[in-house]
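J.: Structure below; questions to follow.
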Amino acid sequence: MAVDQAPRDWVYEFGRVAHEITRGAAAAAPIVGVSSANVDHVYFVDTPRLGALLGATADAASGALAVTARAVIDRVERGRGGTITQVWPQGADLFGNLLGAPDRIQVGGTVPQAAWALSELGAPTRIALEDRSRTQLDVLDARIGIVEGSGVVPAGDAQRSDAAGKPPHIVLEFTEGVSAGELTVRRSTRLVLLFGRYGIECDPQFDLAARSGLLGAPRAALVSGLAFADFTSSHDFDWILDHTRALRTAGIGLVHHELTEFPDDQSRRRTLDAVAANSVGANLSELPIVGELEASAIALAERAGAERVVVHADDWAMTVHRGDPRSERDALVCAVLLASARARAGAPTADLELADQATFATDIPSDTT
């Protein structure tokens, strides 16, 4: 049902939460976070670009480019987004040559993007950032806090290194209905091409500040990106486990681990073991299915030792939890508001008004006690 037909209580609840977020964000305790960080080259895949990808699949001389293009087209045909990872340093340049100049260059990584969204609302954030190259810092929202020396400074004021940054990620945004040749995009989705595993931002300055109380009494921590770690090394996993244990010991009430796409089940299990989290998030394709949806979410909570699991799909979000139902519902509404506002605007925004085309559905998935 559309907004003007939605039950009044839903419209009221979303409006109430939006008002509370915008009114209280600036005075909130800081949110801290650790994940991968990178530069995204974003391409909106129109008919010519879709045709270029199709053409690359048939070009036997293009080698690795053809292999990756075929993997992309396979995802498009199945309506599946996510991440394709290859250790191929030349990949970003070759895809750039194939598709032309990106439509947008922006920060990538779960935590930098979440911090960007919170900065739009005026909320304070502190993130780990080991890569202080110009290419990385120049795409980070200037208001995000990073540790420099003995204090926290806005990213816009941080010292920049002349060292080379990591290769960019290629982000392909597909829109339902776009066609080229005999292929029509069946589902609007986003696909990220990674050309190496550069790990998470194991920032020693951030870690020291967290342990010495210089981050400003944070209320919650967000951790993500371990799917991009080098699974042949224990460095990132050991650092994150040690760091999140220290955060929990220091009294941070919420350590949320947002999952990403993993190469296999063993990698997912290793990552769950490497984060001392009491909350876990996953999209529907990242959730290990062990039966019905609710049972799968509960199984993930038990496996991770978490008190809450949040699952999000294209047109719904759900949570299984041991917390206060009202608080958990408000948190879920908040997440939906931020995600939908970004989808409407194309970038994080402080405008949390419900879009005219927003729709509501009832009990998808079904509500259980």
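Only the coordinates and a few stated rules stand behind these numbers; no lab work does. Just so we're clear, the structure is a prediction, and the values are computed from it rather than from any experiment. Cβ coordinates were reconstructed from backbone atoms using ideal geometry, including for glycine residues, and neighbour counts include every protein chain displayed.
J.: If each residue's Cβ is checked for other Cβ atoms within 10 Å, how do Ile105, Ile21, Ile200 rank with the fewest at the top? Mind dumping the intermediate values first?
T.: Numbers: Ile105 15, Ile21 21, Ile200 26.
With the fewest neighbours first, Ile105, Ile21, Ile200 line up as Ile105, Ile21, Ile200.
J.: Still on this structure, I have one more. Which of Phe14, Phe44 comes first, and how do the rest follow, when ranked by fewest Cβ neighbours within 10 Å? Don't skip to the answer; put the middle values down first.
T.: Working: Phe14 22, Phe44 15.
The order, fewest Cβ neighbours first, is Phe44, Phe14.
J.: Further question: Sorting Val171, Val275 on the 10 Å Cβ count, fewest up front, what's the list?
T.: Working: Val171 19, Val275 27.
With the sparsest Cβ surroundings first, the list reads Val171, Val275.
J.: Among DSSP beta bridges whose residues both lie in the range 112-227, state the antiparallel percentage, nearest 5.
T.: Details: 11 of 13 bridges.
That works out to approximately 85 percent antiparallel.
J.: If you average the alpha carbon positions of the range 130-171 and of the range 273-344, how far apart do those two centres end up, in angstrom?
T.: With the range 130-171 and the range 273-344 each reduced to a Cα centre, they are spaced 30 Å.
J.: Something else about it: What is the packing order of peptides 32-39, 217-224, 178-185, taking the mean over residues of other C-beta atoms within 10 Å and listing the highest first?
T.: Working: 32-39: 26.9, 217-224: 20.9, 178-185: 13.5.
The peptides rank, most packed first, as 32-39, 217-224, 178-185.
J.: With r defined as the distance between the Cβ atoms of Glu302 and Ser188 and R0 fixed at 35 Å, what FRET efficiency is calculated, to the nearest 0.05?
T.: Values: r = 34 Å, r/R0 = 0.96.
After rounding to 0.05, the efficiency reads 0.55.
J.: Among Asn38, Gly151, Ala229, whose Cα lies farthest out toward the positive end of the dipole of the chain, if unit charges sit on the beta carbon of Lys, Arg (+1) and Asp, Glu (-1)?
T.: Of the candidates, Gly151 comes out farthest on the positive side.
J.: Using the scaling law 2.2 N^0.38 Å as the reference, what is the normalised Cα Rg of the range 183-267?
T.: Taking N as the residue count of the range 183-267, the ratio is 1.36.
J.: Gap in Å between the Cα centre of the range 50-128 and the Cα centre of the range 173-212?
T.: Taking the Cα centre of the range 50-128 as reference, the centre of the range 173-212 is 7 Å away.
J.: Related question: At Asp162 and Ala26, where each label point lies 7 Å from the Cα along Cα→Cβ, what is the point-to-point distance in nanometres?
T.: Label at Asp162, label at Ala26, 4.0 nm between them.
J.: Treat every Asp and Glu Cβ in the range 282-358 as -1 and every Lys and Arg Cβ as +1, leave all other atoms uncharged, and give the resulting dipole magnitude about the Cα centre to the nearest 20 debye.
T.: Details: 7 positive and 13 negative charges, 38 e Å.
Computed charge dipole of the range 282-358: roughly 180 debye.
J.: Turning to a different aspect of this structure: Mind putting a number on the dipole of the chain about its Cα centre? Charges go on the C-beta only, +1 for Lys and Arg and -1 for Asp and Glu, and I need it in Debye to the nearest 20. Walk me through the numbers on the way to the answer.
T.: Working: 33 positive and 49 negative charges, 82 e Å.
The calculated dipole for the chain is roughly 400 debye.
J.: Where both residues lie in the chain, what percent of DSSP beta bridges are antiparallel, nearest 5? Please report the intermediate quantities before stating the final value.
T.: Details: 22 of 54 bridges.
Of those bridges, close to 40 percent are antiparallel.
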